[in-house]
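These notes concern the structure reproduced below.
The values are calculated or read from the model by the stated rules, or taken from the named source; none is laboratory data. Predicted, not measured: the structure shown is a model, and the values here were computed from it. Glycine also receives a Cβ, built like all others from the backbone with ideal geometry; neighbour counts cover every protein chain displayed. The area values use the complete protein model at the heavy-atom level, side chains included, leaving out ligands, DNA and RNA. Shrake-Rupley method; radii C 1.70, N 1.55, O 1.52, S 1.80 Å.
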Amino acid sequence: MSEKIKIGILAIQGDYQAHSKMLDRLGVPWTYIRRPEDIDGIGGIILPGGESTTHIKVMREEGVWDALEQFAARGGAFFGTCAGAILLAREVHNPPQASLALLDVSILRNGYGRQLASDVHEGKTKLSDRPIEMVFIRAPIIESVGENVEVLAKDAAHPVLVQQGPILAATFHPELTNDPTVHRHFVEMVRLQGHQPAAAKSPERASSRATR
Ligand code: GLN
């Protein structure tokens, strides 16, 4: 645990502060991401819960969306919770929406029907022997996963914690509990990723401002 890694947390809106508190507990350095240059020197990126529509809009305005795509192309690690999981999904339905498409899952944004569907459950994960607390707040539902996606936890027959290589996603909010199990796992993923050759050379920053 001696290597220096720094985690970037997307800090536009939503519960990003809860993620930073969790990383403080684990003694892991972090920084907030609001501009493309905030990603420099970052080992992994957390996409918090909140309103994914707002996150997309602001990220595009600020050039952060393109910077995240470039970070992903270099093999960077991501952890998305709730709205963040929606941003990572390959396909988003109900209603459909753009995404970074880094994780081979199909996800329903308003999965539980009403926006009010919120609940706290206890559930087993493949990450530890003890069950963890799972806080669901207007949670999306993962309706299908590709064959390269590992399901680390299920709730009511749906995958709720999944991983594909350096991409981790939870439809619940581990950052809103006292249990650091999932964040610790992500930090380990980032450390591991740091030992692997970069998937691609960093594209030129200048191209990240291309208009859509
Ligand atoms: N349903 C919300 C969205 O579409 C996510 C809810 C959450 O992050 N708690 O962004």
For Glu91, Glu175, the accessible-area ranking with a 1.4 Å probe, largest leading, is Glu91, Glu175
Per-residue ellipticity at 222 nm attributable to helices in the chain (runs of n ≥ 4 DSSP H, -39500 (n - 2.57) apiece, nearest 500 deg cm²/dmol) works out to -7500 deg cm²/dmol
With +1 at each Lys and Arg Cβ and -1 at each Asp and Glu Cβ, the charge dipole magnitude of region 1-99 around its Cα centre, to the nearest 20 debye, comes out at 180
For region 93-178, the dipole about the Cα centre with charges only on Cβ (Lys and Arg +1, Asp and Glu -1), to the nearest 20 debye, works out at 180
Partner aspartates and glutamates whose C-alpha sits under 17 Å from that of Lys6, ignoring same-chain residues fewer than 8 away, are Asp24, Glu37, Asp38, Asp40, Glu188
Rounded to the nearest 10 Å², the accessible area of Thr54 using a 1.4 Å probe with every protein chain kept is 50
Applying the gyration tensor rule to the Cα atoms of region 51-103 (axes a ≥ b ≥ c; rounded if a/c under 1.5, else prolate if a/b exceeds b/c, else oblate), the class is oblate
Partner aspartates and glutamates whose C-alpha sits under 16 Å from that of Lys21, ignoring same-chain residues fewer than 8 away, are Glu175, Asp179
Sorted by accessible surface (1.4 Å probe, heavy atoms of the protein chains only), largest first, Lys57, Lys6 come out as Lys57, Lys6
Ordering Lys126, Lys4 by the accessible surface of their heavy atoms, 1.4 Å probe, largest first, yields Lys4, Lys126
For Lys126, counting only lysines whose alpha-carbon sits under 16 Å away and dropping same-chain residues fewer than eight positions off, the answer is Lys154
